[in-house]
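Structure first, then comments.
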Amino acid sequence: MTTESFPHLREGNNKTALVDGDNSFSYADVNRRIDRFATGLLKGREDLEEERIAFFIPASLDYVTTMHGVWRAGGIAVPLNVASAVAELDHYLTCASVTRMIANASYQDSLRALCDRLNIELVSVDDVLVDEAGSLPDIDPERRAMMLFTSGTTNQPKGVVSTHKTIQAQITTLIDAWAWTEDDVIPLFLPLHHIHGIINILSCGLWAGATVHLFAKFDIPRITDQIIAGTYNVFMAVPTIYVKLIQYFDTIDAAHVQQICDGFNAMRLNISGSAACPVKLFNQWKELTGQILLERYGMTEIGMGISNPYAGERRAGAVGQALPGVQVQLFDEYDKPIHEEALPGEIRIKGDNVFLEYWDNAKATKESFKDGWFCSGDVAVLEDGYYRIMGRSSVDIIKSGGYKLSALEIEGVLLAHDAISEVAVIGVEDETWGESVMAVIALNAGAELDYDSLKQWCDGKMSSYKIPKAIKIIDALPRNAMGKVTKPALKEML
């Protein structure tokens, strides 16, 4: 990204861009630091020419410096999950042919042996920074800019490559759709190896000239203190975070809860994403805070594609309508477009927001597109102009007795049961039905539940063919770093 791409990152702009712990940094401060870092990366070269540079850094000034410094120097930024196991990092670094790894001193000991084995130079941000910024290359918008890895829930994670043009499109559509301004202040506590934290919060915030408060993790007491103080007017999180907040409310006194809820109520926008927001949670949050959660749909390959409106009806259980500049179409299993409402089909996407390729994987790239449409693998229906996600075609669509059942829909109903804390619905092989519905359930503390009582409770709440034919009680559902339930792992476990 060139300096001009983020219009507020410039000399002379003394507005606060980042708050990192007790320190605040202006847009001018951050801009100068990025230029010094980019110059240091170049080591006298004119252009990094798409060198892959990985970084293992939590949310911080150093993270922003590294991301933008790699972009400005002409490299491909490869942000890594600081919670990753060494075996996972080995795959990412090898797949991307990474040459340099940027990591804070506190992480370097755990990474040194791996980097030595892979012949990767391991340095810190301070090692790279130079005293004076030098000349930086002009970057063509069509050049590769970033590589993020898919969650790998169904296969080995793939490197998703986006260009500078792709990233700009992903940012600017959200600036318009969600009415970002330089008056916005938002906390960032989500993982920064994922599109949600990188694009929706950090990049949109910096592009709009807003202020982003950086947290290495979700620190409920610190963040809720700021919410009570009225610091934030925008809040974005995964459903698990909203659930944790509601659980936290049960551990503090009612007056404190009311202060936090009043703080949320005063915000202009609360967003939920990265996993389906259960209708029960949507309604709970509205009742507690008065905020109507804005749910949206996106993925690593497209950024965001669909969103409930900022100004207009936000529907529980729906992800909304196509974002500006994004084309969305449902297709049936014969690759025919579906134009009738209420018929399920795969979501396919076109637009400048769509990624360029899977790194070094021409076969997977080719297979993910049909007639210019990116095939998401997600199944949805269109209901009164709003898309509702039924789930991943591979794990969330259960084909039982001739019906295509949405695991997410069944989960949403079951979560309304007082005994159920969390639930995952999966299809298991069945000689009679092809697949039968099984619910894997974690209970609330002290609760009990047996199959017969659950079946009786379901009667009248969902069609008989959707009612689980078996249940399994476990302590907790397996989840990945973004809080998504890993259903393939669940099936293996069973």
Residues (touching a strand residue (DSSP E or B) at 6+ places or on another chain (Cβ under 9 Å) and either in contact (Cβ under 8 Å) with a residue 60 or more places away in the chain or of a type in the set (Phe, Trp, Tyr) (or both)) located in region 244-267: PHE264
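Test of understanding: among VAL64, VAL82, VAL70, which residue is in a loop (DSSP other than H, G, I, E, B) and β-branched (Val, Ile, Thr)?
Numbers: VAL64 fails: in a loop (DSSP other than H, G, I, E, B); VAL70 fails: in a loop (DSSP other than H, G, I, E, B).
Result: VAL82 is the single residue among VAL64, VAL82, VAL70 that is in a loop (DSSP other than H, G, I, E, B) and β-branched (Val, Ile, Thr).
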Positions within region 458-494 being modelled with pLDDT of 90 or more, outside any loop (DSSP other than H, G, I, E, B) and within 28 Å of ILE241 (Cβ to Cβ), in sequence order: ILE471, LYS472, ILE473
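Look through SER24, SER5 and report the one residue that is free of Cβ contacts under 8 Å to residues at least 12 places away in the same chain and among the hydroxyl-bearing types (Ser, Thr, Tyr).
Checking each option against the conditions leaves just SER24.
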Residue pairs meeting the criteria (Cβ under 7 Å; at least 6 apart or on separate chains; first closer than 19 Å to ILE199 by Cα, in region 124-150; second part of a loop (DSSP other than H, G, I, E, B) and among the aromatic types (Phe, Trp, Tyr)): MET147/TRP359
Matching residues, region 27-55, being without any contact (Cβ under 8 Å) to a residue 24 or more places away in the chain and among the small types (Gly, Ala, Ser): ALA28, GLY44
Top-ranked residue in region 331-378 [being hydroxyl-bearing (Ser, Thr, Tyr) and not in a strand (DSSP E or B); ranked as surrounded by the fewest Cβ atoms within 10 Å (Cβ to Cβ)]: TYR334
Output for region 379-394, where each listed residue is buried (at least 21 other Cβ atoms within 10 Å of the Cβ), out of contact with any Asp or Glu (no Cβ under 7 Å at 6 or more places or on another chain) and of a type in the set (A, V, I, L, M, F, W, C): ALA380
Residue ID - farthest from the chain's Cα centre (by Cα), chosen from residues in region 261-274 that are within 15 Å of ASN233 (Cβ to Cβ) and among the hydrophobic types (A, V, I, L, M, F, W, C): ALA266
Residue among GLY305, GLY320, GLY298 that is under 13 Å from LEU382 (Cβ atoms), under 19 Å from the mean Cα position of the chain (by Cα) and of a type in the set (Gly, Ala, Ser): GLY320
Residue in region 45-64 that is crowded, with 19+ Cβ neighbours inside 10 Å, of a type in the set (A, V, I, L, M, F, W, C), under 13 Å from GLY205 (Cβ atoms) and at pLDDT 95 or above present: yes
Evaluation of HIS91 against (1) under 17 Å from HIS193 (Cβ atoms); (2) of a type outside the set (A, V, I, L, M, F, W, C); (3) crowded, with 17+ Cβ neighbours inside 10 Å (one fails), failing number: (3)
Residue, nearest to PRO239 (Cα to Cα), within region 400-452, restricted to residues that are in a loop (DSSP other than H, G, I, E, B), out of contact with any Asp or Glu (no Cβ under 9 Å at 6 or more places or on another chain) and modelled with pLDDT of 85 or more: ALA416
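The values are calculated or read from the model by the stated rules, or taken from the named source; none is laboratory data. Please read these numbers as outputs of a predicted model, since none were measured by experiment. Quick reminder, even Gly has a Cβ in these numbers, built from the backbone with ideal geometry, and neighbours come from all protein chains shown.
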